[in-house]
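Every number here is computed from the coordinates shown, using simple stated rules; none is lab data. Worth saying up front: this structure is predicted, and the values here are computed from it rather than measured. Cβ sites come from the backbone with ideal geometry, for glycine too, and all protein chains shown count toward neighbours.
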Amino acid sequence: MNIEMIRAAAKRLEGHARRTPILTSPFLDEIAGRRVLVKPECLQHTGSFKFRGGWSAISALTDNALKTGVIAFSSGNHAQGVALAAREHGAPAVIVMPSDAPAIKIANTRALGAEVVLYDRATEDRDAIGARLAQERGLTLVKPFDEPQVIAGQGTCGLEIAEDMNALGITDADVAVCCGGGGLTSGIALALAADAPGLRVRPVEPEGFDDVTRSLVSGKIERNARTSGSLCDAIITPQPGEITFPIMQAHCGPGVVVTEEECLRTVGLAFERLKIVVEPGGAAALAAALFHPDAFEGDAIIAVATGGNVDPDVFAKALETLN
């Protein structure tokens, strides 16, 4: 896994992925007590950064592999990213999704042409289900984060951050990234290490699911006691990846942990002040910037808003926090 793979993924993504902008609000700056710059990957195709990794992985497959098809497991954002990328490449897609995933994510994945297989994430092992189906049908497994080509695709977000911060003259700042298994976090970290070494990645996780934060402290992969039961479903994983964790160890600063309430309030603030729709898990990095300012160093924080696929009832609750 290296910067060359990320640059190659960026070439394959040209003309397919959106280059998302940098958004700012003086009102958010006031809450954080410093300049906050938001990278809204919620505006990416399928509503999250996951399209980058999905396209990167599928565009690197052989013609035979594309013809047979792909399989992925996901709570929804990777599912949609892979489903769209597979459809654009003419490849069949099977997506293994938890039955408690937001209804909008399940519906969208099916609408993009994928076959959805639901499972109970509290009692069943998605890896085992994915491996069995892949073997039975000869499908290529596209892992959600612990896959070099997926990490390379997510890393293209980091290349854009490096370019944009260079243009703005920001050379020394923390970059808060919503973190599940670490695909986006490690990809951005690799890209910034190469192109903007003064920008330091900070993984952000929800309370009770802080496996990466604890792993960075202990120096070994730590596992979450629970694997479900959070509004931040998009960034709930059992543990960091075998590939992603060493990258995060080498290139990331300490993790930051936020509460569900902080994420929900941030969903409301992002809509009110930036006019974007973010899901609770996708709002975690911005929540850290706004409500945990002492955890960061420098005059600015770059926060990646990773996804915007939120159910209407959760979004309504988020808006209520503004009253």
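Over all Cα pairs of region 59-167, how is the pair count split among 10 Å bins, expressed in % and running from 0 up to the last occupied bin? Binned Cα distances yield the sequence 15, 43, 30, 10, 2, 0. On C-alpha positions alone, give me the angle between the axis of helix 77-88 and the longest principal axis of the chain, in degrees, nearest 10. With rounding to tens, the tilt is 50 degrees.
For the pair region 1-48 and region 188-254, the centres of their Cα atoms are 18 angstrom apart. Modelled label positions at residue 261 and residue 242, each set 7 Å beyond Cα in the direction of Cβ, lie 4.1 nm from each other. What would the Debye formula give as log10 I(q)/I(0) at q = 0.21, 0.26, 0.27 Å⁻¹ for the alpha-carbon point model of region 1-47, no solvent? Scattering profile of region 1-47, log10 relative to I(0): -0.80, -0.92, -0.95. A straight line joining the Cα centroids of region 260-323 and region 109-183 runs 21 Å.
For helix 126-137, what angle does its Cα long axis make with the longest principal axis of the chain, in degrees from 0 to 90 and rounded to 10? The helix 126-137 is inclined about 30 degrees to the chain. Inverting the pair-averaged 1/r between distinct Cα atoms of region 239-323 gives 13.8 Å as its Kirkwood hydrodynamic radius.
In terms of distances greater than 26 angstrom between alpha carbons, the cross-link table entries 11/220; 67/143; 39/143; 39/317; 11/39; 11/50 yield 11/220. Here the Gaussian network model covers the chain, with springs between Cα atoms less than 10 Å apart; of 112, 133, 43, 133 fluctuates the most. Ellipsoid fit via the Cα gyration tensor, region 1-81: semi-axes of 32, 15, 10 Å, each the root of five times an eigenvalue, largest first.
Highest GNM mean-square fluctuation among 134, 167, 287, for the chain modelled with Cα contacts below 10 Å: 167. Summarising the label geometry, the points placed 7 Å from Cα in the beta-carbon direction at residue 118 and residue 136 lie 1.8 nm from one another.
Of the listed values (1) 39, 22, 19; (2) 28, 22, 19; (3) 29, 25, 19, identify the label whose number matches semi-axes √(5λ) of the Cα gyration tensor in Å calculated from this model. So the calculated entry is the one marked (2).
When you count, for each residue, the other Cβ atoms within 10 Å and take the mean per peptide, how do 223-231, 70-78, 296-304 rank with the highest first? Working shown, then result.
Working: 223-231: 15.2, 70-78: 29.0, 296-304: 22.1.
Highest to lowest by the protection proxy: 70-78, 296-304, 223-231.
Please work out the Kirkwood hydrodynamic radius for region 1-140, using every pair of different C-alpha atoms, and report it in angstroms with one decimal place. If you can, show how the numbers build up before the last one.
Values: mean 1/r = 0.0610 Å⁻¹.
16.4 Å is the Kirkwood radius here.
Using only Cα atoms, tell me the angle between helix 50-59 and the longest principal axis of the chain; keep it within 0 to 90° and round to the nearest 10. The helix 50-59 is inclined about 40 degrees to the chain.
Taking the Cβ of residue 304 as the centre, find all other residues whose Cβ is under 9 Å away and add up their charges (Lys, Arg: +1; Asp, Glu: -1).
Taking every Cβ under 9 Å from that of residue 304, the sum is 0.
Net charge around residue 45, counting only other residues with Cβ within less than 13 Å of its Cβ (Lys, Arg = +1; Asp, Glu = -1)? Local charge sum for residue 45: +3.
Net length available on complete extension from residue 22 to residue 87 is 20.5 nm, with 0.36 nm assigned per residue and the Cα-Cα distance removed.
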